[in-house]
Amino acid sequence: MSWHAPRMGRKAGGFSLLEILVAFAIAAMALGLLYRVSGNNARQAGGLLQHERAMVLAQSLLAAHQTVPAQGVNERGEAAGYGWQVQSRPYPTPAGNAAPQAARLHELRVDVRWHDGTAERAFELASLRPERRPQPGEAIR
């Protein structure tokens, strides 16, 4: 029986343990990065959904005030986890100062706030609205 030692010049088939460990380490790092990227995308999508809901709330509050009474608007409330405030102030125009019968304008500002985890977020929307003049015989509220 002769026992032959393997020759150094002969190439063995397959991978060495070191090559397999390096391949697993690279795969683990790639999967970790992929996991973090997909997690960030999911968080951003959730944040965009909250921002979109705040925008829809602000638009609906703005649409509810087609005209502004002479005394202005100052309202606040909460809806579905969003705090909101609607305020108006007179908006000076050259025509309003020159002609008393001209329609007066008010800047109507809607501010919506909500909490996204530990951070407070806000969305603001503003528009100009005409002042509502009372009809003859109508009481001003």
Practice item. Mind checking the full-extension length gain between L18 and Q87? Use 0.36 nm per residue of separation minus the Cα-Cα distance, one decimal, nm. Key: 18.0 nm
**Study point:** Two-site FRET efficiency, L128 against L48, from Cβ-Cβ distance with R₀ of 30 Å, rounded to 0.05
**Key:** 0.60
Practice item. Would you please give the FRET efficiency between V56 and A25, computed as 1/(1 + (r/R0)^6) with r the Cβ-Cβ distance and R0 = 41 Å, to the nearest 0.05? Key: 0.30
Exercise for review: With r as the distance between the Cβ atoms of V37 and A63 and R0 = 30 Å, compute the FRET efficiency 1/(1 + (r/R0)^6) and round to 0.05.
Suggested key: 0.20
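FYI, it's all coordinate maths here, none of it is from the lab. Since the structure is predicted, the reported quantities are computational estimates derived from the model, not experimental observations. Reconstructed Cβ throughout: ideal geometry from the backbone, glycine too, with neighbour counts over all protein chains shown.
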